[in-house]
1. Among the polar types (S, T, N, Q), exposed (fewer than 15 other Cβ atoms within 10 Å of the Cβ) and out of contact with any strand residue (DSSP E or B) (no Cβ under 6 Å at 6 or more places or on another chain) - does that describe any residue in segment 46-53?
2. Among the listed residues Arg89, Arg14, Arg98, which satisfies the condition of being assigned to a helix (DSSP H, G or I), in contact with a helix residue (DSSP H, G or I) (Cβ under 6 Å, 6 or more places away or on another chain) and not aliphatic (A, V, I, L, M)?
3. Output the residues belonging to segment 78-112 that are over 20 Å from Glu24 (Cα atoms) and modelled with pLDDT of 95 or more.
4. Tally time: how many residues in segment 38-82 are in a helix (DSSP H, G or I) and either hydrophobic (A, V, I, L, M, F, W, C) or touching a residue at least 24 places away in the same chain (Cβ under 8 Å) (or both)?
5. Which residues, taken from segment 7-37, are touching a residue at least 60 places away in the same chain (Cβ under 8 Å) and loosely packed, with under 12 Cβ neighbours inside 10 Å?
6. Just to be sure before I move on: is Lys67 closer than 26 Å to Glu112 by Cβ, basic (Lys, Arg) and modelled with pLDDT under 95 in the structure I sent?
7. Can you spot a residue in segment 118-141 that is in contact with a helix residue (DSSP H, G or I) (Cβ under 7 Å, 6 or more places away or on another chain), in a helix (DSSP H, G or I) and charged (D, E, K, R)?
8. Check Glu72 against each of (1) closer than 30 Å to Gln8 by Cβ; (2) of a type in the set (D, E, K, R); (3) surrounded by 13 or more Cβ atoms within 10 Å (Cβ to Cβ) and name the one condition it does not meet.
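The values are calculated or read from the model by the stated rules, or taken from the named source; none is laboratory data. Just so it is clear, the structure is predicted and the values come from calculations on it, not from any experiment. Cβ sites come from the backbone with ideal geometry, for glycine too, and all protein chains shown count toward neighbours.
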Amino acid sequence: MAPKFSLQSVLDLRHEKVELLEIELGKLLVAQQEIQAQLEALQVQQAGLFEELNTAQSGEIDLFKMKSLRLEILQVGRQVESVSLDLARKTREIEARRARLIEARQSEETLEILKRNRHEVYMEELQRSEARAQDDIYIAQAYRNSSQGE
């Protein structure tokens with residue numbers, strides 16, 4: 001039976017950290033998609049308002065309607081700017097979390113490599129020990145055969 005890896009508890013903690021960061025990154029990506037959808041909806045709304053304003057400016061002009069459309073366009077424009085800033089913030093947060101995840105994975109992989117190397121050393125020592133034991137058996141048999149033959 002292979003000996004217990006002395007840093008197994010550290011490896012387990014690092015693995016849990018990687019899993020936690022992956023979950024957090026997934027949540028951030030979903031939130032980013034929601035913000036992106038919200039931004040796209042606002043842009044469609046804004047384009048519709050511009051089209052409506054364009055229609056209102058042709059033919060019979062209703063100044064009150066045009067004023068309200070312009071105010072609504074300004075309001076939607078501010079919402080677009082706000083949501084765009086939220087999206088940029090979320091993107092930066094995602095990139096930071098992604099960097100932390102990469103670092104955590106590298107740290108975990110380092111311990112995994114140490115664990116594999118330790119296991120390989122153990123297996124090599126075990127093979128050498130078994131080979132020595134087998135050699136001892138062969139030597140003992142040869143000695144016994146030579147002693148019986150005399």
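1. No - not one qualifying residue is present in segment 46-53.
2. On the way: Arg89 fails: in contact with a helix residue (DSSP H, G or I) (Cβ under 6 Å, 6 or more places away or on another chain); Arg98 fails: in contact with a helix residue (DSSP H, G or I) (Cβ under 6 Å, 6 or more places away or on another chain).
Step by step, each of Arg89, Arg14, Arg98 is checked, and only Arg14 is assigned to a helix (DSSP H, G or I), in contact with a helix residue (DSSP H, G or I) (Cβ under 6 Å, 6 or more places away or on another chain) and not aliphatic (A, V, I, L, M).
3. Arg78, Gln79, Val80, Glu81, Ser82, Val83, Ser84, Leu85
4. Residues meeting the conditions: 24.
5. If the condition is that a residue be touching a residue at least 60 places away in the same chain (Cβ under 8 Å) and loosely packed, with under 12 Cβ neighbours inside 10 Å, then Gln8 is the only one that fits.
6. Spelling it out, it is not the case that Lys67 is closer than 26 Å to Glu112 by Cβ, basic (Lys, Arg) and modelled with pLDDT under 95.
7. No, the conditions are met nowhere in segment 118-141.
8. Failing condition for Glu72: (1).
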